[in-house]
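No lab work stands behind these numbers, since they all come straight from the coordinates. Fair warning: this is a prediction, and the values are worked out from it, not measured in the lab. Don't worry about glycine lacking a Cβ; one is built from the backbone with ideal geometry, like all the others, and counts go over all protein chains shown.
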Amino acid sequence: MSLYSLLLLVILNLFFPKNEVEIKSLRTYKTGDETSFPILDFVNEKNPTITIEFDIRSVSTPDMSILFRFCDKDWIPYDNIFLANPGYNKAYNLWYDVLPITVNGAMYHFNGTFPNFDVTFPFSGKWKYFITDAYDNDLVYASGKFIIVYPDVPLFVNLRKEKQQDVISTPNALDRIYSIRVDFDLPDTLFPLNVQNIEIIDNQKIGYPIIIDKDTYNRNRYYEWNGAKKFSFTANNIKPGNEYRTIDIRDQNRFSPPTVFAQYDGIETSRFYILGGRDLNGGSILTSFKNEYAEYMYVAFRLRPPENLMRRIFLTGAFTDWQVLPQYEMYNENGLYKITIELKRGRYDYQYVTGEIAGNEVVDIDWEILEGNYWEALNDYHVFLYYNEPQLGGYDRIIGYVKIKSGDL
C-alpha cells in the first residue's frame, strides 16, 4: 500500500465510524452494454450475463455478499423454498478494486457478472438482489432489479401512431399517442385461464409499467380471447414523450469539483416545443473506475419553468433508476427551481416531471408537461406476457417477451 493510501485510511478512521458503509453509483445492465435495460433472454441470446457494479465508501475493506431472490410480478420476493434456488442464490467472497487515490467520495469498486459458478437464474420472471453484510443478511446496504426470460410464446406486436380523440388538449401536442396491440397463440401445453396480463416497460422506467390485465376493460386497456388459444391485448393512449435531457460531466477541464452546474451553458427551461437530441434511452455511461478523474461532484440542476405551472417539480433519471422520489423535489427560489445531488463523472439521461407527494411516494406524475410529446422520439418498449405457473407451489412466470422500437415505424 502506498504512503498516500495509508494516510487516507488514517484520516478516514479519524472522521468516519468504523461500521459506516455506503453503496454509490449502483448499476445493473446487460454485460457489454452499460446503457442497456437489465434483462437476459436465455432463449434468443447466447450465454447472456448481467453486470452489477458499484462503488463503496468504507473505512476498511468491505466484506459483503449479494443475495438473489426470485419475485412475483409486483417485485415481492417469494418465501416458497422451492423458488429460493438454495445453493445457487448467493455470491460470496466478492472481489473489490481499490479506486485511485485521487478519487474522492469512495474507496472501492465492485464489478461482477452473473450467472456464474455460484449463482444461477432458473426461473423466468422478475428478480431482485440485495447487497448485504457477509455475516448478516438482514443488514442490507442496497438492492437492485433485473428480469430473466425463457420465452416460449412468440408475441406479435403492432405499434401505431394515433391522435387522442376523446380529450380536447391544449396545447394539442399532448394528443400525440401510440396504440400497442399484442397478439399471440397459446401452445397446447399451457392453460388459457392461467394467462395473467401483458406488461410494457417504456425504456428503463421499470417502476412505472403499462399493464393490460384481464380484470380491466375500458377504451384504453382491454383484451380479447376467442375461447381457445388466441389472445389479443391492447393499450391505447400511450404518450411517446420526448428524448431525455442529458448531462455529461466527464470533461475534467470544464467540470471541476466540488460543485458544478448540470448544464455548462446555463439555466434550463421547458422543452415542450423543442424536440431533444438523441439520448441513451434512459441509460448512463460512467467514467471508468480506473480513471484518476472518476470522482464524485455535487451537481446543481436549475430549471425555470413556465410561470403558470403551479405543481411540484421533481428531478428523475438514470441516477434514480427512473424512480420519482420525494427527496428529489426541487425547491423554488423566486421562480427558479433548484436541486443539488452527488454524481460520479459520467453521462446520464434525466428529465423533469411534475407530481404530488402522498406519504412516502410521488403520485399523479406528469412526464410530458415540462418535456414535450413527440412521435419523433425514439423509444424502446419491452413487452412481457405473464402466466400463472402452477408448478412448484405457483409463481408468476414470463412466457413471452419482445422488444420493439418506436423508431421502426
Going residue by residue through the stretch 346-359, the Karplus relation 6.51 cos²θ - 1.76 cosθ + 1.60 with θ = phi - 60° gives ³J(HN,Hα) values, rounded to whole Hz and with x marking Gly or Pro, of x, 10, 9, 7, 7, 7, 10, 9, 10, x, 10, 8, 10, x
Charge dipole of the stretch 77-178 about the Cα centre (unit charges at C-beta), most positive-ward option of Tyr135, Leu174, His109 = Leu174
Linear extension gain, Trp95 paired with Lys403, 0.36 nm per residue minus alpha-carbon span | 107.5 nm
For the stretch 328-376, what is the relative contact order in percent, using Cα pairs closer than 8 Å and at least 6 residues apart in sequence?
-> 23
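Against the empirical 2.2 N^0.38 Å scaling, what ratio does the C-alpha Rg of the chain come to?
The value comes to 1.05.
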Taking the Cα centre of the chain as the origin and placing charges on Cβ (Lys, Arg +1; Asp, Glu -1), which of Asn242, Asn226, Asn85 is farthest toward the positive end of the dipole?
-> Asn242
For the stretch 151-161, Karplus-derived ³J(HN,Hα) couplings (6.51, -1.76, 1.60; θ = phi - 60°; whole Hz; x for glycine and proline) come out as x, 10, 10, x, 10, 10, 10, 10, 10, 9, 7
Hull-based mean projected area of the stretch 249-318, where the convex hull spans the alpha carbons, in square nanometres = 6.2
Note, the stretch 98-109: 3J(HN,Hα) by Karplus (6.51, -1.76, 1.60, θ = phi - 60°), whole Hz, Gly/Pro = x, goes 7, 6, x, 4, 7, 7, 9, x, 7, 10, 10, 9
Rg(Cα) / (2.2 N^0.38 Å) computed for the stretch 3-149, rounded to two decimals | 1.14
For Asp72 and Phe42, compute 0.36 nm times the residue count separating them, minus their Cα-Cα distance, and round to one decimal in nm.
-> 8.9 nm
Over the Cα atoms of the stretch 245-366, compute the convex hull volume and normalise it per residue, giving Å³.
-> 119
Mind checking the log10 I(q)/I(0) for the stretch 183-322 at q = 0.12 Å⁻¹? Debye, one equal scatterer per Cα, no solvent, two decimals.
-> -0.73
Within straight-line cross-link reach of Lys90, lysines at Cα separation under 16 Å, skipping those fewer than 8 residues along the same chain = Lys128, Lys145
Report, ordered by chain and residue number, the lysines lying within cross-link reach of Lys214, taken as a straight Cα distance under 25 Å and ignoring same-chain residues fewer than 8 apart.
-> Lys73, Lys126, Lys161, Lys205, Lys229, Lys230, Lys239, Lys403
Name all residues of the stretch 102-130 having a backbone nitrogen under 20 Å from the label point set 7 Å from the Cα of Glu292 along its Cα→Cβ direction, giving them as ranges.
-> 102-109
Computed [θ] at 222 nm, deg cm²/dmol, the chain (DSSP H ≥ 4; -39,500 (n - 2.57); rounded to nearest 500) = -1000 deg cm²/dmol
